[in-house]
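In what follows, a structure is listed as structure tokens, so that the remarks can point back to it.
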Amino acid sequence: MARLKPERRRTIFDWTIRIGFAIVLLVAWELSTRAQSRALAAPPSEILRAFWELTFVEGVIFSETLVTARAFFMGYGAAIAIGLGVGMLMGRSRLAEYVLEPYVTLMYALPSIALIPVLVIWFGINDRIRVVLVILASVFPIIYNTATGVKNVDEELVEVGRSFCATRRKIATSIVLPAALPLIFAGLRIGLSHALVGVIGAEIIVVITGLGGLVIRYADNFQMANMFVPIIFIATLAVLITAGMNRFQTVFRRWEVQDE
Amino acid sequence: MTTLSAEYALLGRIPPRVVRIASVVLVLVTWEVAGRAAPRWASYPWEIGAAFVDNADRIAEAFVETFKAVGVGYALSVVGGVLIGFGMARIRVVKVALDPYVAVLYSTPRITLIPLAILLIGIGFNLRVLMSVLASIFPMIINTYAAVDSVSGELEETARSFTASRWSITRTVLIPGAIPGIFVGMRVGIIRALVGVIVAEMTAGAAGVGALLLVFGRFFQSEKLFGPVLLLGLVSILLTRGLSYLERKLAPWQD
Amino acid sequence: MLRVASVDKRFSAEGPLVLDDLDLSVGQGEFVSLLGPSGCGKTTLLKIVAGLLPPTAGKVFLEGKESSEPSRDKAMVFQHFNLLPWRTTINNVAYGLEVQGVAKAERLEKAAQFLQLLDLEGYENHYPSQISGGMKQRVGLARALATEPRLMLMDEPFGALDALTREYLQDELAKIAASQNLTVLFVTHSIDEAIYLSDRIVVMGNNPGRILLEYPVPFERPRTTTVVRADPRFAELRNQVWLLLEEEKAGR
């Protein structure tokens, strides 16, 4: 122990605390729920058993994960395409900015969950609602941040391009876009978390499908232990997608790591 | 910079406000004309306005109900989030023990937890408060933490070099240093607190704006539906703007 | 006045030696510069003297008494100014006095006095984000001076400023140091700056950080950068220090 490097000793300390605290939580949870009815509470041991069953024996979880993931990626992908396009247009054209700004501001501030009843009128209670809600939830932060980023690109950087006689297109792709990336990524990250709320929200509130629908179905049948399994999958999916986004961002913004 | 020159010449003479108003008027007129042709889909502004006035009492009641829960939940989030954020920034054990949960819960849509929340505390007022706390406390924690952490290095050392005590460092460096982060958290958090309450009202509540929207939606009463939806958007804008104004008043040093 | 006695510093028990058996003394009213390449531990030494870092071995004495904590008789000026962004200029200058428990009226009066000394009148109610880098560092200087320390510790205070502002502030500091009879320990990696300002230059080398040589600076006070630069002894001293640093670099 005495020979260990201090950083290493610190890591060991951190993990001791982390694991210790997790064990305390799990034990407290187990003890407080064990005596209760299985229809009202699920001890971790039961959840573990349900996890095994649903994942490796029945396998329903995977098909539902695909259902959720598909709607998420379709909606979020469309939101990125639309958001970047409209955002750049607003960042580069004042007319577009003035014309569209009131709606972007309104829709960005509006909790998109509140649009569910409107979507039900338009589409019926239908799988497509999820994709549309994901788009509506995530496109506005992407538009807003892209527009702000493109609009606020340092004029001097653009002059560098001009001084080398770069074409408009070349300036847009080689200067404006990279310079706006920090804000664009901020928009993508906010959009991502809104998109996740959108897809799971739609599944829980109206459509009852995918992982969100599974949570509701188990809850309605008082299968408490089972209910935790899709929750765990949703959390994992969310964490993985967020981590993937962060990873993507560091690849795209390598040069910023050198700050300080 | 990249503005087209013809467009620039045109806009040079027209104030932005006029363009914005013209755009809104144009959309409203188009909506009115199209809506009258097919009123089932999106109604039309005139009818929406009339329905809004007719239902003003119900709508007002629902908003009061919703914002009571938002107020309580948001207040709890702000206080709790600031305390936890401070704790995580200053006490290593707290940070290490909590950061996995904060990270996972922050990226997971908290709406997932609603069946569990119903199970734990039922479907009354408390559920709406709990959902709004769950929705809004994590941005409070994370932004407070980041702000306190950012003044914990050099500025804290500066204060120490002038013989500042622990308490005086807290009072003169950590607390003012946390304010910008707290405001970022509050601005993000207010909308999330509202989302949390509406989610609870849509899944389990018999009251509030979420429940009202479901009722209007269920019978395809699109003319009744759009009024409160738009009002919700406007209130959200006002709340965010209000917080920005408050921030400029209370933290005027930021450029 | 200040004595550093056999100070060693390691940042961790098995870490490399950052400062090796370092001895240094500064007399009353003396201006001493610590000069060396980056990574030679000059800032670390300054922070140990300030009481912000504990030495691994050895001691720091101020006027014969051991001084291991920050105290009222020392004040520090930082490379990145480290002004509190939420305080106006005058409240930043009053900050040191405030944490030292000076009553409000008195500390504001004193702050105003030092604002005047540093030509900052009219900027009392500006926030740091509203003034230039050079002005920020004047506020940093005024903040330290206002506590009327017996020893000023300055960590590359002009390192983050442009060349003109830097020279202007060097002259100003030289003037103030002379008029207030300051005792200063000054960290820099600019040979010219060390010569303009100091009575004595202590040259440090790295791996581990240690003192290589000391040079007395021959110019009489008051002096200005222009006058010093025109003197043939300036070029000679500059060259000597330069060669020493080059030799040290080649030696590894």
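Quick rundown of the values:
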quantity	calculated
So A:T33, is it farther than 19 Å from A:A219 by Cβ, free of Cβ contacts under 8 Å to residues at least 24 places away in the same chain, part of a helix (DSSP H, G or I) and β-branched (V, I, T)	no
Matching residues in segment C:78-95 - criterion: being among the hydroxyl-bearing types (S, T, Y) and more than 9 Å from every other protein chain (Cβ to nearest Cβ)	C:T89
Hey, B:G196 more than 10 Å from every other protein chain (Cβ to nearest Cβ), crowded, with 24+ Cβ neighbours inside 10 Å and in contact with a helix residue (DSSP H, G or I) (Cβ under 8 Å, 6 or more places away or on another chain) or not	no
Unmet criterion (only one of (1) crowded, with 18+ Cβ neighbours inside 10 Å; (2) of a type in the set (G, A, S); (3) closer than 30 Å to A:M224 by Cβ) for A:A35	(1)
Residue satisfying condition, being part of a helix (DSSP H, G or I) and closer than 15 Å to B:S161 by Cβ, within set C:G134, C:G96	C:G96
Scope segment C:82-100; condition closer than 20 Å to C:L151 by Cβ and either free of Cβ contacts under 8 Å to residues at least 24 places away in the same chain or out of contact with any Leu (no Cβ under 8 Å at 6 or more places or on another chain) (or both); matching residues	C:G96, C:L97, C:V99, C:Q100
Residue in segment B:101-114 that is within 29 Å of A:I216 (Cα to Cα) and outside any helix (DSSP H, G or I) present	yes
Any hit, segment C:43-56, residues being within 17 Å of C:L141 (Cα to Cα), within 13 Å of another protein chain (Cβ to nearest Cβ) and in contact with a helix residue (DSSP H, G or I) (Cβ under 6 Å, 6 or more places away or on another chain)	yes
Residues of segment B:165-185 classified as in a loop (DSSP other than H, G, I, E, B) and in contact with a Ser or Thr (Cβ under 7 Å, 6 or more places away or on another chain), total	0
Test result for B:D149, assigned to a helix (DSSP H, G or I), touching a residue at least 40 places away in the same chain (Cβ under 8 Å) and surrounded by fewer than 21 Cβ atoms within 10 Å (Cβ to Cβ)	yes
Candidate set: segment A:89-146, residues that are outside any helix (DSSP H, G or I) and out of contact with any Gly (no Cβ under 6 Å at 6 or more places or on another chain); chosen: the one nearest to the other protein chains (Cβ to nearest Cβ)	A:P111
Of all residues making up segment A:193-208, the number that are facing chain B (nearest Cβ under 9 Å), aliphatic (A, V, I, L, M) and either farther than 16 Å from A:V139 by Cα or surrounded by fewer than 24 Cβ atoms within 10 Å (Cβ to Cβ) (or both)	4
Selection within segment A:217-236 - more than 10 Å from every other protein chain (Cβ to nearest Cβ) and outside any helix (DSSP H, G or I)	A:N221, A:Q223
Members of segment C:162-175 found to be buried (at least 19 other Cβ atoms within 10 Å of the Cβ) and of a type in the set (V, I, T), listed by number	none
Qualifying residue in segment B:35-52 (condition: more than 30 Å from A:I121 (Cβ to Cβ), aromatic (F, W, Y) and in a helix (DSSP H, G or I))	no
Counted residues, segment B:22-31 - those being surrounded by 12 or more Cβ atoms within 10 Å (Cβ to Cβ) and at the interface with another protein chain (Cβ under 9 Å from one of its Cβ atoms)	4
Within segment A:101-118, tally of residues that are crowded, with 19+ Cβ neighbours inside 10 Å and free of Cβ contacts under 8 Å to residues at least 24 places away in the same chain	7
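Quick note: the coordinates plus some simple rules give every number you see, no bench work behind them. Predicted, not measured: the structure shown is a model, and the values here were computed from it. Counting neighbours? That spans all protein chains shown, and the Cβs are built from the backbone with ideal geometry, glycine included.
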